[in-house]
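To start, the structure under review is shown below, and the notes come after it.
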Amino acid sequence: MDVPQEPDAKTSTCGLTLYQIHERAPEIRPARSQRPWMDATPDRFAYRCLPLSIANATGWEMVLDVDLRAYWTGGDQIADLKVEAVHPQDADHVEQVAGSHFGSGILTFHTGYIMRTSPGWGLWARGAPNSIKDGITPLDGLIETDWLPFPFTMNWVFTRPGMVEFKRGEAFCFVTPTPHHSLEDIQPNIVPLAMNQPLNADYQGWSEARTRFNEGLAKGDPEMVKQGWQRTYMHGKTLDGEKVALKHASKRKMKAPQSL
């Protein structure tokens, strides 16, 4: 088998190579834009917020191939957190997937891969964006995967003593490449809006249009009610209905990993 080339720095696009350590490893799939709580909102109105669904899909999910439960007593010792398989036949595998290594109610998942990115790029590892899990929350980590020769772990911390369950097919880690070193070169500048006359005019126009629209909805204006909501951002258009000059994303679909 040919060994894939390491990602290089010749282009601004990041390469991502995942070296599978064990024969059985978590599935890595393109992130999905859907969330159960967003589906449950009336008329699925949460999907009208395009930044939410784009964020949901900007990365790759690592998903479990086993059902497991974790219990935390509330103590700070490693032994105060226990992990068990929901199905007894999966007990040996669960020991390889998750466990207690740090204490303080921290649940650790093993990714099963050594991940390599292009020079200057790292991986932002976290829970799936805009996902909610009662009793436990994911911890973010930014890893220098352009040189790291060993796998990183994904960690969650209990928010209270008790039991949580992770199901087969559930994402336990979400990774997004980022050129994190170059972020330090960004100089934020705070400027009065009035100093940018075109932007100020656009903002005032948006504010007035938004006020008229909301007032029309409140009064039951037939045209406003028919519209339901304003779609200029969703469609990447200005208030005048012109398409914005820059690239606009109304959906995102990451590439699926390929096996070599």
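The values are calculated or read from the model by the stated rules, or taken from the named source; none is laboratory data. Only a predicted model underlies this, so the values are computations on that prediction, with no experimental measurement involved. Note that we place each Cβ from the backbone using ideal geometry, even for glycine, and neighbour counts take in every protein chain shown.
Select from the stretch 74-94 the residues that are more than 13 Å from Ile106 (Cβ to Cβ) and of a type in the set (Val, Ile, Thr) and write down the one among them that is nearest to the chain's Cα centre (by Cα).
Within the stretch 74-94, the match that is nearest to the chain's Cα centre (by Cα) is Val94.
Just the residues that are out of contact with any strand residue (DSSP E or B) (no Cβ under 6 Å at 6 or more places or on another chain) and either aliphatic (A, V, I, L, M) or closer than 14 Å to Met163 by Cα (or both), please, taken from the stretch 98-136.
Of everything in the stretch 98-136, those that are out of contact with any strand residue (DSSP E or B) (no Cβ under 6 Å at 6 or more places or on another chain) and either aliphatic (A, V, I, L, M) or closer than 14 Å to Met163 by Cα (or both) turn out to be Ile132, Lys133, Asp134.
For every residue, the table says whether it meets (1) farther than 29 Å from Met38 by Cβ; (2) out of contact with any Ser or Thr (no Cβ under 8 Å at 6 or more places or on another chain); (3) at pLDDT 95 or above.
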{"residue": "Pro51", "(1), (2), (3)": "no, yes, yes"}
{"residue": "Val66", "(1), (2), (3)": "no, yes, yes"}
{"residue": "Gly75", "(1), (2), (3)": "yes, yes, yes"}
{"residue": "Asp80", "(1), (2), (3)": "yes, no, yes"}
{"residue": "Val86", "(1), (2), (3)": "no, yes, yes"}
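Which helices (runs of 4 or more DSSP H) does the stretch 33-131 wholly contain that include 1 or more residues that are within 15 Å of Arg168 (Cα to Cα) and without any contact (Cβ under 8 Å) to a residue 24 or more places away in the chain?
91-97
If you take the residues in the stretch 199-230 that are acidic (Asp, Glu) and modelled with pLDDT of 80 or more, which one is farthest from Glu242 (Cα to Cα)?
Ranking the qualifying residues of the stretch 199-230, first place goes to Glu215.
Residues of the stretch 176-193 being surrounded by 10 or more Cβ atoms within 10 Å (Cβ to Cβ) and either out of contact with any Cys (no Cβ under 7 Å at 6 or more places or on another chain) or free of Cβ contacts under 8 Å to residues at least 40 places away in the same chain (or both), which ones? Give the steps one after another, and end with the answer.
If we filter the stretch 176-193 for residues that are surrounded by 10 or more Cβ atoms within 10 Å (Cβ to Cβ), which is where we start, we get 176-182, 193.
The answer is Thr176, Thr178, Pro179, His180, His181, Ser182, Leu193.
Tally time: how many residues in the stretch 80-123 are among the aromatic types (Phe, Trp, Tyr) and surrounded by fewer than 17 Cβ atoms within 10 Å (Cβ to Cβ)?
Residues flagged as among the aromatic types (Phe, Trp, Tyr) and surrounded by fewer than 17 Cβ atoms within 10 Å (Cβ to Cβ) within the stretch 80-123 amount to 1.
Under 7 Å by Cβ, and 6 or more places apart or on different chains, what pairs join a residue from the stretch 239-260 that is closer than 17 Å to Thr13 by Cα with one that is of a type in the set (Phe, Trp, Tyr)?
Taking only residues 6 or more apart or on different chains, the pairs are Met254/Trp60.
Going by what's in this entry, would Leu139 be described as under 19 Å from the mean Cα position of the chain (by Cα), of a type in the set (A, V, I, L, M) and within 15 Å of Leu81 (Cβ to Cβ)?
So Leu139 fits the description; yes.
Looking at the stretch 189-237, which of its residues are part of a loop (DSSP other than H, G, I, E, B) and within 29 Å of Ala55 (Cβ to Cβ)?
Within the stretch 189-237, Asn189, Ile190, Val191, Asn196, Gly228, Trp229, Gln230, Arg231, Gly236 qualify.
Have a look at Gly141, Gly127, Gly105 and point out the one that is on the phi > 0 side of the Ramachandran plot and out of contact with any His (no Cβ under 6 Å at 6 or more places or on another chain). Walk me through it before giving the result.
Numbers: Gly141 fails: on the phi > 0 side of the Ramachandran plot; Gly127 fails: on the phi > 0 side of the Ramachandran plot.
Every option except Gly105 fails the conditions.
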